[in-house]
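Reviewing the structure listed below.
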Amino acid sequence: MSTPATETRQFDLIAFDWDGTLFDSTAIITRSIQLAVADVGGTVPSDQDAAYVIGLGLMQALAHAAPDVPKERYPELGERYKLHYMRHQNDISLFSGVLDLLAELRSRHYLLAVATGKSRRGLNEALQAVELRGLFDATRTADETAGKPHPRMLHELMTELGATPKRTLMVGDTTHDLQLALNAGCASVGVSYGAHEPSAFEALNPRFIAHSVADLRTWLQVNG
C-alpha cells in the first residue's frame, strides 16, 4: 500500500556523495594529502586547503592541493597519498544514523546511488567493509567517468536507473557536489558536517542545508 509520503514525494533517485557525506573520512583524507605533499617536498597545504579538494578525482585534487609539485611527480604524490590513506582507512566509519537513513529510504522505494570522487577500487573496498552493497542501485566513481563537477557522473546514473533530472536529488558536503547537481539540472541538499564550510553553499541554490544526519533524515521524510 502506498503512503502519502510516496504519493507526493518530489524525487525518485537520491544520489549521495561518499566521503564527508555518508562516510566520516574528512580528517583522514586531509591528513593523508598533507603527508603525501610533504613526502615529495611540496608546500604542505593548510587543513582548509587540503579539505577543499575532497570530492575531486585524486590527481585533480592533489594537483590543486600541491601546485608547486612538478607534474612529473604527480604519480609519486598519488602513491604516497594512497599509502597514508591505507594506513588509516580502518579508522573511518559511517556517520551515526546513516544506516538507518538508507534503510528507511530503501523501504520507501527510492532509487539510491553513490556519486563520488573516490576510485572504483576504493569505493568497492569501502562498501564491502561496511556491508552496504545491497543498499545502492548504482554507483559512479571519478576514475570511470568525468570527475565533479562535470555532470556526466549524474547523467550516467540517471540514464542507468531511468530517472529524470527533475526527479533526482544530489546530497553532498562540498561545493563540487552542489555544482555537479546544478550542471546536471538536478536539485541538491548540502550537509554542513563534511569538508566544506556551508557558507559557500547558498550561491549554489541547495534546497536545504542539513547540520546532521538526523537533520537530513527529517527533511527527506517531509520533502523527499
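Values as computed for the structure displayed
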read-out	value
Ranking of VAL98, VAL191, VAL171 by count of other Cβ atoms within 10 Å, fewest first	VAL98, VAL171, VAL191
Order by protection proxy (mean Cβ within 10 Å, highest first), peptides 133-139, 36-42, 179-185	179-185, 36-42, 133-139
Cα gyration tensor shape of region 89-149, rounded if a/c is under 1.5, else prolate or oblate by comparing a/b with b/c	oblate
Relative contact order of region 1-158, pairs being alpha-carbon contacts under 8 Å that are 6 or more residues apart, as %	27 percent
All-pairs alpha carbon distance profile, the chain, 10 Å steps from 0, percent	8, 35, 37, 16, 4, 1, 0
Within the chain, longest stretch free of exposed GluC sites (Glu not before Pro) [DSSP loop, at most 15 other beta carbons within 10 Å]	1-130
Percent RCO, i.e. relative contact order, over region 114-156, from Cα pairs under 8 Å lying at least 6 residues apart	48 percent
Relative contact order, percent, region 26-91 [alpha-carbon distance under 8 Å, six or more residues apart]	40 percent
Ratio Rg/Rh, restricted to region 3-90 and using Cα atoms, in which Rh is the Kirkwood radius	1.19
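Values quoted throughout were computed directly from the atomic coordinates according to the rules given, and no laboratory measurement underlies them. Here the structure is a predicted model, which is why all the values come from computation and not from measurement. Neighbour counts are summed over all protein chains in view; Cβ atoms, including those assigned to glycine, are modelled from backbone coordinates with ideal geometry.
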